[in-house]
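Just below is one structure, and these are the notes that go with it.
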Amino acid sequence: MSEAVLKLPYTKEDFVSGQEVRWCPGCGDYSILATMQRTLSKFDLPIEKYVFVSGIGCSSRFPYYMNTYGFHTIHGRAPTIATGLRCVNPELSIWVITGDGDGLSIGGNHLIHCMRRNVDINILLVNNRIYGLTKGQYSPTSEKGKITKSSPYGTIEQPINALCVAIASEATFIARTLDTDPTHMSYILERAAKHKGVSFVEIYQNCLIFNDKAFVPVTGRETREDRMVYLKDGQPLVFGKKKDKAIRLKGLYPEEVNYTAGGDTKDLLIHNEKDENPHYAYFLTQMEHPEMPVPFGVFRAIEKPTYDEMLDEQIRQAQVKGKGDLKSLIYGPNTWKVGS
Amino acid sequence: MVAVKSKTSANTITIRFAGDSGDGMQLTGDQFTDTTAVMGNDFATFPDYPAEIRAPQGTLPGVSSFQIQFSDNIIFTPGDQADVLVAMNPAALKVNLKTVKKGGLIIVNENSFGEDHLKKAAWKTNPLADNTLKDFQVLKVALTDLTRNALKDHPLKGQEVDRCKNFFALGMMFWMYDRRFEHTVAWIEKRFAKRPEMVAANIATLKAGFNFADITETLQTQIHVPKAQLEPGVYRKITGNEATAIGFVTAAQLAGKTLFYGSYPITPASSILHELAKHKVYGVKTFQAEDEIAAIGAAIGASFGGQLGITGTSGPGVCLKSEALNLAVMTELPLVVIDVQRAGPSTGMPTKTEQGDLLQVMYGRNGDSPVAVIAPKTPSDCFQMALEAVRLAVKYMTPVIFLSEGYLAEAAEPWKLPEIEKLPKIEIRHPKEEKDPFLPYSRNPETLARPWAVPGTPGLGHRIGGLSKADLTGNVSYDPDNNQKMILLRREKVAKIANDIPDLTVEGPGSGKLLVLGWGGTFGAIYQAISDLTQEGVKVSHAHLNYLNPFPKNLKNVLSRFEKILVPELNMGQLIMILRDHFPGVNFLGLNKMQGHPFSVFEMKNKIRELL
Ligand code: SF4
């Protein structure tokens, strides 16, 4: 049920639906929801143009809480529904909300194909490295050896790296952010919204019930400055409490080096999100804890024609000389007459 | 010396072309069919080929056949048994021998009956040399040699020459049945426009075959089949899948909507995707999805977006789509699922026909999940039923299953074209911005359909999904009474469609001992059997269900007027199970066949006789 028509400019509250939010108190999803509502309220796209599509899982309840059009679909399939929707309506701003289980396990196939087609939608993969809604089984991003209800002896599975999948699928916008840094998240959401083509954003999210503090070794207050590196286009990958460390290439591998602000950057790795070639972005995804600081920010932002644009263009081309008429469709190339 | 030949006439003839998958038998059959259409006969065809693209040459699994019955009468089947079999090799002869009438003519390419080919086809002795073919007339033709001879002055080489031999056989058939060859000549000229040497060679072979038949001593009589008394009008040849595709494009135009077709390639539904992909000039959007689930998901997304979402598949694909189909049931979005049934279970026999998916589409989902189910009965009827599928889906905000069959998909018949101006518009009204709060699960009192509010419309923002829905608001609700109410509402909505579909009509006596109640593609065989028997003075009636859920309202009354109801189905008795549930006490009897082939008229007549 929606209330009277909302007019621009919006407030965050305009994006809040009447439905009671049912995530566990303290769940990281709250901050993602609030950041989304706040970020969208700053844009001048009419509120009726937003559609949130989700699959199944804790984070997939997201659409119910947004005062926009929404579709809470079935497990793993949100990208397919968003694809169909985008193909028939070029004006909407479509957001897919998925999780590590929904997007990378049951829906892995759709995720890959949606990204390789460059369908103009935004996909937020809320990664908490656990199954929350089904009460605590390991997920495809759970670390090897993790003890959960379904792996009492520890998992024996190699975890999947969401951003690697995105790069292998040639997604045109790839980014990572985290639930505990709303400012950064808002920046990334804005970038994703403005990108034409598929945007894939991994959000580190804390599930305090079944996998509390899973990201703390990287993103915790004590460690984050040494173990996270925020990517800035055209700048070296600087990190450390005193901003005194950067990354340089040693052969094909990253290496930590000392850095002084304003110093020589000649040997340093300089971030280039517009690199058409996927090698560099892939290299960044391989910077993992504990060997290396973990990158956050925009890994890749390149331009390519979108699926929906090309689909429309083929139709436009076919109709250059006018639209087809029913008679020639039904009659076809060969007819014959019986009687007079 | 040229023999003086006589000319006789016949009412109905059945020809079967059979050869290796690479011998071009489907093409040969198509060409014979096109010419037959232009010459004014009624006809029905039956392409019958293996699932493998090119099974090993000369083997039994590699045999591809094409059967056509043509007549000066109105006919609905491709004929039970062939008057003439053209067998290009020993394997084709072996596989198709049982399809030839006793006393029928078998034309074989005797060049292909060498040791090697006989062995591949598992003939212990040469059937041309022993008693195997004693019940038939046999015409041995050195097709390969004659083709090579006809092309000896042409620049074509080796394989290219040998590949022309199907046109030699076609030329012979054209002579035998007094057909003109201009249509095929025109086709060859168009097909090979860029290769004049191929045009010349194929035409030369066609004519050589025609002339050979004219002069050979063995063929004494040319047979003429007069024009059929088809209803006056403009006709085209159409297969079921073509009619399906054209029907849905037409429906979209009549509804003023974009047709969005999501599909994953699967036999025998793929040709619908191929056909629709050509129609961009009509604004059709086809989406070849990564799998069956994505295909239906995207179609649901398009429907949510206010356009016409359709997905097409066969039985195994329906299995994969069932969860998403249930989402469309719960969210009450219009959607059409085309199921071109094939022989199952599992992968089954992909290129063979069956009616085995009825119970699956009716009941194969979790929870109580009603959908409308309709089924075309002939290839051209697919057009009309496609319009119906869309009309019902958008009017009742419900998924509709369009239950076609492999046999209908590929069979061709003449189609009397509809008057375009008289095709009814499909009315759709989307809600617009209102003063009152928008209720996405409020209902039209007549149809019980909920409003189809399109994303992008100001003031109508709402959330739908697979979780149980509260009445009116559509909010998530786990309220027990509400859940029961919504399940009953959805059932009632689909049941109400019965008020909006034509009554079932009965052909033949309106009451009596026996009614044959068919559905789908069994129409042809039932129709033919009953018209034959009626001519013999037998009293039996026929009714055919186009609508399987809900049933026409007068079905109960129709059933009450007959002592016995025969329900022929290409499955173990799926419709009969539903009928027994709806109409307890009625004397339903089954005729069931699960061989991947349609019923023959002969089988149907026997069963009817047995019950009278
Ligand atoms: S189970 Fe975990 S992810 Fe789910 S709502 Fe609770 S805290 Fe959030």
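Determine which single condition B:THR205 fails, assuming it passes every other condition in (1) in contact (Cβ under 8 Å) with a residue 60 or more places away in the chain; (2) outside any loop (DSSP other than H, G, I, E, B).
Against the list (1) in contact (Cβ under 8 Å) with a residue 60 or more places away in the chain; (2) outside any loop (DSSP other than H, G, I, E, B), B:THR205 comes up short only on (1).
So which of B:ALA252, B:ALA208, B:ALA213, B:ALA169 ends up being surrounded by 16 or more Cβ atoms within 10 Å (Cβ to Cβ) and within 14 Å of chain A (Cβ to nearest Cβ)?
Selected residue: B:ALA252, the only one of B:ALA252, B:ALA208, B:ALA213, B:ALA169 that is surrounded by 16 or more Cβ atoms within 10 Å (Cβ to Cβ) and within 14 Å of chain A (Cβ to nearest Cβ).
Could you please let me know if A:GLY220 is open to solvent by less than 20 Å² (accessible area, probe 1.4 Å) and either of a type outside the set (A, V, I, L, M, F, W, C) or within 19 Å of A:THR148 (Cα to Cα) (or both)?
yes
Examine the stretch A:103-117 for a residue that is within 16 Å of the ligand (Cβ to nearest atom), open to solvent by less than 10 Å² (accessible area, probe 1.4 Å) and part of a helix (DSSP H, G or I), and state whether such a residue exists.
yes
Test of understanding: among B:THR218, B:THR267, which residue is of a type in the set (Ser, Thr, Tyr), out of contact with any Ser or Thr (no Cβ under 8 Å at 6 or more places or on another chain) and away from chain A (no Cβ under 13 Å)?
Sole residue among the options that is of a type in the set (Ser, Thr, Tyr), out of contact with any Ser or Thr (no Cβ under 8 Å at 6 or more places or on another chain) and away from chain A (no Cβ under 13 Å): B:THR218.
Does at least one position in the stretch A:134-144 carry a residue that is more than 8 Å from every other protein chain (Cβ to nearest Cβ), under 16 Å from the mean Cα position of the chain (by Cα) and open to solvent by 10 Å² or more (accessible area, probe 1.4 Å)?
No: the stretch A:134-144 contains no residue that is more than 8 Å from every other protein chain (Cβ to nearest Cβ), under 16 Å from the mean Cα position of the chain (by Cα) and open to solvent by 10 Å² or more (accessible area, probe 1.4 Å).
Among the numbered conditions (1) more than 10 Å from chain B (Cβ to nearest Cβ); (2) open to solvent by 30 Å² or more (accessible area, probe 1.4 Å); (3) under 20 Å from A:GLU202 (Cα atoms); (4) part of a loop (DSSP other than H, G, I, E, B), tell me where A:HIS75 comes up short.
(1)
Quick grid of which residues meet (1) away from every other protein chain (no Cβ under 14 Å); (2) open to solvent by 90 Å² or more (accessible area, probe 1.4 Å); (3) in a loop (DSSP other than H, G, I, E, B):
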{"site": "A:ASP264", "(1), (2), (3)": "yes, yes, yes"}
{"site": "A:GLU276", "(1), (2), (3)": "yes, yes, yes"}
{"site": "A:PHE283", "(1), (2), (3)": "yes, no, no"}
{"site": "A:ARG300", "(1), (2), (3)": "yes, no, no"}
{"site": "A:GLY322", "(1), (2), (3)": "no, no, yes"}
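Taking A:ASN206 as the residue in question, decide whether it is within 16 Å of the ligand (Cβ to nearest atom), open to solvent by 20 Å² or more (accessible area, probe 1.4 Å) and either modelled with pLDDT under 95 or of a type in the set (S, T, N, Q) (or both).
Here the answer is yes, as A:ASN206 does meet what is asked.
Out of B:LEU467, B:LEU489, report the one residue that is out of contact with any Gly (no Cβ under 9 Å at 6 or more places or on another chain), in a loop (DSSP other than H, G, I, E, B), at pLDDT 95 or above and open to solvent by 20 Å² or more (accessible area, probe 1.4 Å).
Within the list B:LEU467, B:LEU489, the selection yields B:LEU467.
Starting from the stretch B:357-368, take each residue that is within 16 Å of B:LEU570 (Cα to Cα) and open to solvent by less than 60 Å² (accessible area, probe 1.4 Å) and list its partners that are in a helix (DSSP H, G or I) and modelled with pLDDT under 95, counting only C-beta distances under 9 angstrom and pairs at least six apart or across chains.
Correct list of pairs: empty, since none qualify.
From the residues in the stretch A:93-102 that are within 16 Å of the ligand (Cβ to nearest atom) and in contact with a Leu (Cβ under 8 Å, 6 or more places away or on another chain), which one is nearest to A:PRO63 (Cα to Cα)?
Per the stated criteria, the residue is A:ILE97.
This table checks each residue for (1) among the small types (Gly, Ala, Ser); (2) open to solvent by 50 Å² or more (accessible area, probe 1.4 Å); (3) not assigned by TED's automatic domain parsing to the domain that holds B:VAL329.
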{"residue": "B:VAL494", "(1), (2), (3)": "no, no, yes"}
{"residue": "B:ALA498", "(1), (2), (3)": "yes, no, yes"}
{"residue": "B:ASP503", "(1), (2), (3)": "no, yes, yes"}
{"residue": "B:ILE526", "(1), (2), (3)": "no, no, yes"}
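Test of understanding: among A:GLY332, A:GLY240, which residue is within 14 Å of chain B (Cβ to nearest Cβ) and not basic (Lys, Arg)?
Result: A:GLY332 is the single residue among A:GLY332, A:GLY240 that is within 14 Å of chain B (Cβ to nearest Cβ) and not basic (Lys, Arg).
Output yes when any residue across the stretch A:79-90 is away from the ligand (no atom under 16 Å from the Cβ) and among the small types (Gly, Ala, Ser), and no when none is.
Yes.
How many residues, within the stretch B:57-96, are open to solvent by less than 10 Å² (accessible area, probe 1.4 Å), in contact (Cβ under 8 Å) with a residue 60 or more places away in the chain and not in a loop (DSSP other than H, G, I, E, B)?
Adding up the residues that qualify gives 11.
I need every pair where a residue in the stretch B:276-293 that is farther than 24 Å from A:LYS321 by Cα and surrounded by fewer than 18 Cβ atoms within 10 Å (Cβ to Cβ) has its Cβ under 8 Å from the Cβ of a residue that is modelled with pLDDT under 95 and of a type in the set (A, V, I, L, M, F, W, C), sequence separation at least 6 or different chains.
The qualifying pairs do not exist here.
What are the pairs with Cβ atoms under 6 angstrom where one residue, in the stretch A:185-213, is acidic (Asp, Glu) and the other, located anywhere, is modelled with pLDDT of 95 or more? Sequence gap at least six, or different chains.
A:GLU190/A:THR39; A:GLU202/A:LEU125; A:GLU202/A:ASN127; A:GLU202/A:ALA162; A:GLU202/A:LEU163; A:GLU202/A:ARG176
Starting from residues that are within 16 Å of the ligand (Cβ to nearest atom) and assigned to a loop (DSSP other than H, G, I, E, B), keep the ones in the stretch A:168-186 and report whichever is farthest from the chain's Cα centre (by Cα).
Only one residue tops the list, namely A:THR180.
Here is a check on your reading of the model: is B:GLU332 within 14 Å of chain A (Cβ to nearest Cβ), open to solvent by less than 20 Å² (accessible area, probe 1.4 Å) and under 26 Å from B:ALA277 (Cα atoms)?
So B:GLU332 does not fit the description; no.
Take B:LEU460 and tell me if it is within 23 Å of the chain's Cα centre (by Cα), within 13 Å of another protein chain (Cβ to nearest Cβ) and open to solvent by less than 20 Å² (accessible area, probe 1.4 Å).
no
Tally the residues that are away from the ligand (no atom under 16 Å from the Cβ) and within 23 Å of A:THR219 (Cβ to Cβ), restricting the search to the stretch A:1-52.
3
Given the condition within 8 Å of chain B (Cβ to nearest Cβ) and assigned to a helix (DSSP H, G or I), answer yes or no: does some residue in the stretch A:29-43 qualify?
No, the stretch A:29-43 contains no residue that is within 8 Å of chain B (Cβ to nearest Cβ) and assigned to a helix (DSSP H, G or I).
Quick check on my filter: what residues within the stretch A:53-73 are more than 16 Å from the ligand (Cβ to nearest atom) and of a type in the set (S, T, N, Q)?
A:ASN67, A:THR68, A:THR73
Which residues, counting only those in the stretch A:187-203, are open to solvent by less than 30 Å² (accessible area, probe 1.4 Å) and either in a helix (DSSP H, G or I) or away from the ligand (no atom under 16 Å from the Cβ) (or both)?
A:ILE188, A:LEU189, A:ALA192, A:HIS195, A:GLY197, A:VAL198, A:SER199, A:PHE200, A:VAL201
Could you tell me whether any residue of the stretch A:326-340 is open to solvent by less than 70 Å² (accessible area, probe 1.4 Å), more than 30 Å from B:PRO414 (Cβ to Cβ) and part of a loop (DSSP other than H, G, I, E, B)?
no
Can you tell me how many residues in the stretch A:125-150 are of a type in the set (S, T, N, Q) and within 10 Å of the ligand (Cβ to nearest atom)?
2
The values are calculated or read from the model by the stated rules, or taken from the named source; none is laboratory data. From a predicted model like this one, the values you see are computed outputs, not experimental measurements. So basically every Cβ, Gly included, is an ideal-geometry build from the backbone, and we count neighbours across all protein chains shown. These area figures cover heavy atoms from the full protein model, side chains too; ligands, DNA and RNA do not enter into them. Shrake-Rupley method; radii C 1.70, N 1.55, O 1.52, S 1.80 Å.
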